[in-house]
1. Within the stretch 133-152, which residues are over 17 Å from the mean Cα position of the chain (by Cα), polar (S, T, N, Q) and within 17 Å of V26 (Cβ to Cβ)?
2. Could you say whether any residue in the stretch 25-48 is within 25 Å of G217 (Cα to Cα), in a loop (DSSP other than H, G, I, E, B) and in contact with an Asp or Glu (Cβ under 8 Å, 6 or more places away or on another chain)?
3. If a residue counts only when it is farther than 29 Å from C202 by Cβ, which helices (runs of 4 or more DSSP H) contained entirely in the stretch 78-172 have at least 3 such residues?
4. Which residue is nearest to the chain's Cα centre (by Cα), if the candidates are limited to the stretch 153-210 and must be closer than 30 Å to E76 by Cα and among the acidic types (D, E)?
5. Listed residues V248, V308, V239, V316; which is crowded, with 22+ Cβ neighbours inside 10 Å and modelled with pLDDT under 95?
6. Could you list all residues from the stretch 286-342 that are closer than 19 Å to S11 by Cβ and of a type in the set (S, T, Y)?
7. Among the residues of the stretch 255-272, what is the count of those that are part of a helix (DSSP H, G or I), exposed (fewer than 14 other Cβ atoms within 10 Å of the Cβ) and among the acidic types (D, E)?
8. Contact list please: Cβ distance under 6 Å, first residue in the stretch 257-277 and under 14 Å from A319 (Cα atoms), second residue among the polar types (S, T, N, Q), pairs at least six apart or on different chains.
Amino acid sequence: MTQVTVLATGSYLPGEPITNEQLERVAGGLPDDVLEGIQVKTRHWIADPVSGEQSETNTEMARKAALQALERAGVEPAELDMIVLSTSSPEYHLPPASTLLQEKLGLTRCTSIDIRSGCAGAVEALELAHLYLERGLAKTALVVGSEAISPLTVPVFLGQDPGRVRMRDRLGIYNFGDGAGAFVLRSQDGDANGILGAALACVGGEKKPGMQVVGGGTHAPIHTQLAAKRLVDLKVDVVESGRFTPYVLTEALTETLAAAGTEAKEIDICVIPEGNAGYMTDELREAGLLTPEWLALEDKIFENLSIVGATGSAAVPLALDYAWTTGQLKQGDLVMLLAIETSKWKYAGMVLPWTAAAVGDGAAVGEASAPVEQPL
């Protein structure tokens, strides 16, 4: 039987970490209780918060994360049959971001597919690659989640008196970060421990979006869009996101466990890039959703939101890579990935045994470290 395993991961964060104190100087401050709720202490941006100049593009970040994952896996770019890239912030509407990444990796021919999504997108991309590999349509796949959100947030405050930036706009400025994370997958015949199952759904078919990136599309004539205060605007419904998120997460957990044929108590590490376990537990308790499954996972939840910010498609691969490279994820662990996004209330979950050796040991090469950073 064909099994699909993750050989290695990689990550990339642009520039030096930007602190809340630095943001306060250029965009105004947030009350302490709001900062505590956001939970983000540092983030990385491709856009300089003072000048607005950009250091690189989305797919340049994706390339750097991909090359690190490929090196650790001992796989050459030429061995790739497939690239699946998830992002909500591509350079262009066309060409697809995955084809730009393909070009940057030097591949003349490859199956290259975009997933246009946010936080759930990387797990959706993983499952798409998993299905292709399991069916024998490809042998080796690269999956990348990459986001460049700072070009949308920096114009909100650039050149303005920090005290005049609206409080609701500051929430997005402080919350989001840029970065990229990558997976290398390979199929093999035999009894290897492969991906057990995944669950994907949009549960907001009748609900208003909790997050929107509006502008630069075809929802309105371009001349009308150009008359707006900002051509592209990031909108977040903070209140509804806080209220409905626990319900989406709980359905994601239930459906993912069922798809994988496993129980919460069997999970060794659960990657949920939505916030620390204590904060999540409080939200679930307030919603009356603190189920036995959640209680079984309470001490197993892993995230790195506080040091990278909300990074959309990059969130899951960045967190998983950080867990692996810091030794908190070990070979033989059973991993659950749970990602949700409030755009239209989507979730994507997956359960897989972790088969990669420790970084620097066995098949994996390179130094055990936090996600790679590149100075501005």
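1. Hits for the stretch 133-152: nothing passes.
2. Step one: of the stretch 25-48, the residues within 25 Å of G217 (Cα to Cα) are 45-47.
Of the ones still in play, those that are also in a loop (DSSP other than H, G, I, E, B) are 45-46.
With in contact with an Asp or Glu (Cβ under 8 Å, 6 or more places away or on another chain) added as a condition, the list becomes 45-46.
Looking for residues that are within 25 Å of G217 (Cα to Cα), in a loop (DSSP other than H, G, I, E, B) and in contact with an Asp or Glu (Cβ under 8 Å, 6 or more places away or on another chain), one finds at least one in the stretch 25-48, hence yes.
3. Numbers: elements: 97-104, 121-134, 150-153.
Once the helices (runs of 4 or more DSSP H) in the stretch 78-172 are filtered for at least 3 residues that are farther than 29 Å from C202 by Cβ, nothing remains.
4. So the first thing to find is which residues in the stretch 153-210 are closer than 30 Å to E76 by Cα, and the list is 177-198.
Retained after the next criterion (residues that are among the acidic types (D, E)): 178, 189, 191.
On the way: D178: 10, D189: 30, D191: 30 Å.
Among them, the one singled out is D178.
5. Values: V308 fails: modelled with pLDDT under 95; V239 fails: crowded, with 22+ Cβ neighbours inside 10 Å; V316 fails: modelled with pLDDT under 95.
V248 is the lone residue from the list that is crowded, with 22+ Cβ neighbours inside 10 Å and modelled with pLDDT under 95.
6. S306, T311, S313, Y322, T325, T326
7. Initially, the stretch 255-272 is screened for residues part of a helix (DSSP H, G or I), giving 255-260, 264-266.
Checking the rest, the ones that are also exposed (fewer than 14 other Cβ atoms within 10 Å of the Cβ) come to 258, 265-266.
Then drop every residue that is not among the acidic types (D, E), which leaves 266.
Number of matching residues: 1.
8. As it stands, the answer is G275/Q39, since those pairs meet every condition given.
The values are calculated or read from the model by the stated rules, or taken from the named source; none is laboratory data. Quick caveat, the model's predicted, so the values are computed rather than measured. Here the Cβ is made from the backbone with ideal geometry for all residues, glycine too, and neighbour counts use every protein chain on show.
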